[in-house]
1. Could you count how many residues in the stretch B:117-149 are under 18 Å from B:PHE75 (Cβ atoms), more than 46 Å from the chain's Cα centre (by Cα) and not in a strand (DSSP E or B)?
2. Considering B:VAL338, B:VAL287, B:VAL295, which residue is in contact with a Pro (Cβ under 8 Å, 6 or more places away or on another chain) and either within 25 Å of A:GLY377 (Cα to Cα) or touching a residue at least 12 places away in the same chain (Cβ under 8 Å) (or both)?
3. What is the residue count in the stretch A:56-112 for residues that are part of a strand (DSSP E or B) and not acidic (Asp, Glu)?
4. Suppose the filter is within 14 Å of chain A (Cβ to nearest Cβ) and in contact with a Ser or Thr (Cβ under 8 Å, 6 or more places away or on another chain); does B:GLY297 pass it?
5. Can you tell which of B:PRO213, B:PRO184, B:PRO200 is of a type outside the set (Phe, Trp, Tyr), within 10 Å of chain A (Cβ to nearest Cβ) and touching a helix residue (DSSP H, G or I) at 6+ places or on another chain (Cβ under 8 Å)?
6. Report yes if some residue within the stretch B:396-409 is more than 21 Å from the chain's Cα centre (by Cα), among the small types (Gly, Ala, Ser) and surrounded by fewer than 23 Cβ atoms within 10 Å (Cβ to Cβ); otherwise report no.
7. Out of all the residues in the stretch A:404-419, which are within 8 Å of chain B (Cβ to nearest Cβ) and closer than 19 Å to A:LEU234 by Cβ?
There are 2 protein chains.
Amino acid sequence: MAKALTREPIGGDPLAGMHPVSKLLKYRKFLKLVFRETRPIAGVEKITLPQAVERILARDFRARRFIPNFRRSNFDGYAVRAVDTAGASKSSPVELSLSGFSKPGKPYSRALGRRECVRIFTGAALPHGADAVVMVEYTEANGGIIRVFEEVASGSRYDDVGADIRRGSLLLARGRRIRPLDLPIIASQGVNSVEVAIRPKVLVIPTGNEVKPVGRRLKTSEIYDANSLAVAELIRKRGAIVMTHPPVRDSPRAISDVLSRSRGRYHMIAFIGGSSAGSEDYVARLVAEKGEVFVHGIAISPGRPTLFGRVGKTLVLGIPGHPASSVAVTVLAACPIVDRLSGAIEDAPYSYVRLHSQPDCPEGLTCVRTIRASGDGATLVYKSSSQLSSFLNSDGYILLDPETDEGNGDDGWARLHFF
Amino acid sequence: MAKALTREPIGGDPLAGMHPVSKLLKYRKFLKLVFRETRPIAGVEKITLPQAVERILARDFRARRFIPNFRRSNFDGYAVRAVDTAGASKSSPVELSLSGFSKPGKPYSRALGRRECVRIFTGAALPHGADAVVMVEYTEANGGIIRVFEEVASGSRYDDVGADIRRGSLLLARGRRIRPLDLPIIASQGVNSVEVAIRPKVLVIPTGNEVKPVGRRLKTSEIYDANSLAVAELIRKRGAIVMTHPPVRDSPRAISDVLSRSRGRYHMIAFIGGSSAGSEDYVARLVAEKGEVFVHGIAISPGRPTLFGRVGKTLVLGIPGHPASSVAVTVLAACPIVDRLSGAIEDAPYSYVRLHSQPDCPEGLTCVRTIRASGDGATLVYKSSSQLSSFLNSDGYILLDPETDEGNGDDGWARLHFF
């Protein structure tokens, strides 16, 4: 009893007592564990371009063509032989004879002779023999005679073949999450489909006797299953195919049944614990019995009692049931697991944000706090792990990492991720 | 001619000569023009929850229920009458008799009598008569007698009805872009569909004689239509229904034909100019003839020659054809127009990023520069408006606004938007 009395809860988190910080796995070690215990799933599919956005590229994508694949004028003006402009100036122009036009898609077909020039437009091909472009602003046309007021060096004002993209160069690396601006890069190569990793399949299972499907009439102390929507959507956005199971009762039997029925059909099953005592333990006990518990308790806030293990080939994640805990564990644990399964090689990009108020993050924990980004900074909207209002007006979260000096909130700045 | 000679191009942009900065509409004035000349489109649709993400809420969403709608324990322990714990301490506990259990979803049904307590779990309802929770750590059970080692005040360690969310309070405002964490807020109210604005319909039309569909065999000086993919995807992500037209030739006839056929069927038509001279002028001339040109030339880089007007009820956007210009104009012009049409009331949230190198942004212009976010900052990947390689490895862009002191890049920090 004396011992129990000294287990002071940290930061008002009701689970602190059950999960003292010293026994928790550091978040970075958890990420290493994910890397060690899981493998990218085998399987690739070919997908046409607009649909490929947000998918994970399964093969390096290399340039098949030079861009430009002709010498492309960067200006409107005249294609010339640089040597013919020698000595030209405002006071002493040289005169060239106009031989024709080169327009985008309609090149001049002959070679440029001595003291000839060709009217050329931005994006059009330089004719053979030409090695520079004089901007139209530095010229004067008089019928077929073009007066040139500047001397240009060979190679001026056009892009050489491959100046933008060289054939054979690596354009997009395997494991990249395809972004909107990757589409024109791929299309520029004359390619309209790419091979991407197949999506991991994830089943989200809300648990808890008090958790009822939306729309049902509630009795006292019952709540609607709200968490599974956020958990599923965040995992879906990360690239998984997500199914959501109706709420499952808090009993070893009910949880065992759904686990047995579902394992093998999904790459990962994510149980969302009811807030009821015991539910997480049922999941932990079952996973230990039927498979392996990798970790139970991670140094994150909220979300300490997170469980990660495997039954057969199916990964199992036990997500605590408080609303803000379920979201924190989804972004900190479920999403990195999905990334690993789909072979994504990059962190989600992040940035920094100035905080309008000081976040409360218990010593030694990696903290997720919901924020609203506004004009010149971010306002914390986080209340506590159990408060749904921690989500009100949030458009992202800050990640406070005790293991970095930078962006840990101490200096009023923090790492920001948008939802 | 003397005049032409003084029109020195700015920042190497080939279009600078055609569009001197002094004649361009400031970007903020452009946004005001968008607001003035366009109206949210009428029309609302009801949509179920997971699908509602990224849609624009058409009506204020207010709380229909209190959360919690019962007095919810925040801890595992014992529900007590605070008065019964008066004077309790480690050395001098009080003894209460255990009358039953309150579990989540399974409340204790009777009222608590004098010197009674009820074993309660996190998330469970306080019984009538109880007005505090003693944490289990501060108790000792001995059969039906519970020794309590602390005095608690009335109201301790539970959430009162409505402590999280009050019935009638505004949860999500009309015009909000629905985010993943809005889903549990809506579901917590027992609601599984919301009314959202209908999506604006946008037609993207690439133009240029040199622009060919992906897959076609190219002749010298021809290029693949790559821009339309990025433009369409960015507008689609912003919430519009986007169709892409095959490339259209640079002729007044061809452009007039497609405009006549399409107007009235879309809320906006976005022409992407070929890089060929003249194409933008055809669009501008046609819009002026058949409707109204609001502006031709905006103080943005890249993307100066942007055109915005209307033909009948259809808005027309003329997007310059250089790859980086088309993306900049999409994020700076097309997306705000789509936001306005769909009634979105907020700016896209942004943050700041530390720049690893100094961006080049011509005086007086609002600049968009592609970047790669990496660990502790951002690396510019932007080359020039005409270079497709400006997109390589980009995951966002910085927006350099000459009209703000902050985040304009001068101090090594800039506003960051992710794609």
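The values are calculated or read from the model by the stated rules, or taken from the named source; none is laboratory data. None of the values given here were measured: they were computed from a predicted structure. Heads up, the Cβs are rebuilt from the backbone with ideal geometry, glycines too, and the neighbour counts pull from every protein chain shown.
1. Filtering the stretch B:117-149 for residues under 18 Å from B:PHE75 (Cβ atoms) gives B:117-127, B:130-141, B:146-149.
Subsequent filtering for residues that are more than 46 Å from the chain's Cα centre (by Cα) retains B:117-118, B:138-141, B:146-149.
Next, from what is left, pick out any that are not in a strand (DSSP E or B): B:138, B:149.
Residues flagged as under 18 Å from B:PHE75 (Cβ atoms), more than 46 Å from the chain's Cα centre (by Cα) and not in a strand (DSSP E or B) within the stretch B:117-149 amount to 2.
2. Values: B:VAL287 fails: in contact with a Pro (Cβ under 8 Å, 6 or more places away or on another chain); B:VAL295 fails: in contact with a Pro (Cβ under 8 Å, 6 or more places away or on another chain).
Within the list B:VAL338, B:VAL287, B:VAL295, the selection yields B:VAL338.
3. The first filter runs over the stretch A:56-112 and keeps only residues part of a strand (DSSP E or B), leaving A:56-57, A:61-62, A:67, A:72-73, A:77-80, A:94-103, A:106.
Retained after the next criterion (residues that are not acidic (Asp, Glu)): A:56-57, A:61-62, A:67, A:72-73, A:77-80, A:94, A:96-103, A:106.
Going through the stretch A:56-112 one residue at a time, the tally reaches 21.
4. On the way: within 14 Å of chain A (Cβ to nearest Cβ): no; in contact with a Ser or Thr (Cβ under 8 Å, 6 or more places away or on another chain): yes.
Against the criterion (within 14 Å of chain A (Cβ to nearest Cβ) and in contact with a Ser or Thr (Cβ under 8 Å, 6 or more places away or on another chain)), B:GLY297 does not qualify.
5. Working: B:PRO213 fails: touching a helix residue (DSSP H, G or I) at 6+ places or on another chain (Cβ under 8 Å); B:PRO200 fails: within 10 Å of chain A (Cβ to nearest Cβ).
Among B:PRO213, B:PRO184, B:PRO200, only B:PRO184 is of a type outside the set (Phe, Trp, Tyr), within 10 Å of chain A (Cβ to nearest Cβ) and touching a helix residue (DSSP H, G or I) at 6+ places or on another chain (Cβ under 8 Å).
6. Taking every residue of the stretch B:396-409 in turn, at least one turns out to be more than 21 Å from the chain's Cα centre (by Cα), among the small types (Gly, Ala, Ser) and surrounded by fewer than 23 Cβ atoms within 10 Å (Cβ to Cβ).
7. Across the stretch A:404-419, the qualifying residues are A:LEU416, A:PHE418, A:PHE419.
Residue-wise test of (1) within 14 Å of another protein chain (Cβ to nearest Cβ); (2) surrounded by 15 or more Cβ atoms within 10 Å (Cβ to Cβ); (3) in contact (Cβ under 8 Å) with a residue 12 or more places away in the chain.
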{"site": "B:GLY43", "(1), (2), (3)": "no, no, yes"}
{"site": "B:ARG65", "(1), (2), (3)": "yes, yes, yes"}
{"site": "B:ASP76", "(1), (2), (3)": "yes, yes, yes"}
{"site": "B:LEU96", "(1), (2), (3)": "no, yes, yes"}
{"site": "B:LEU126", "(1), (2), (3)": "yes, yes, yes"}
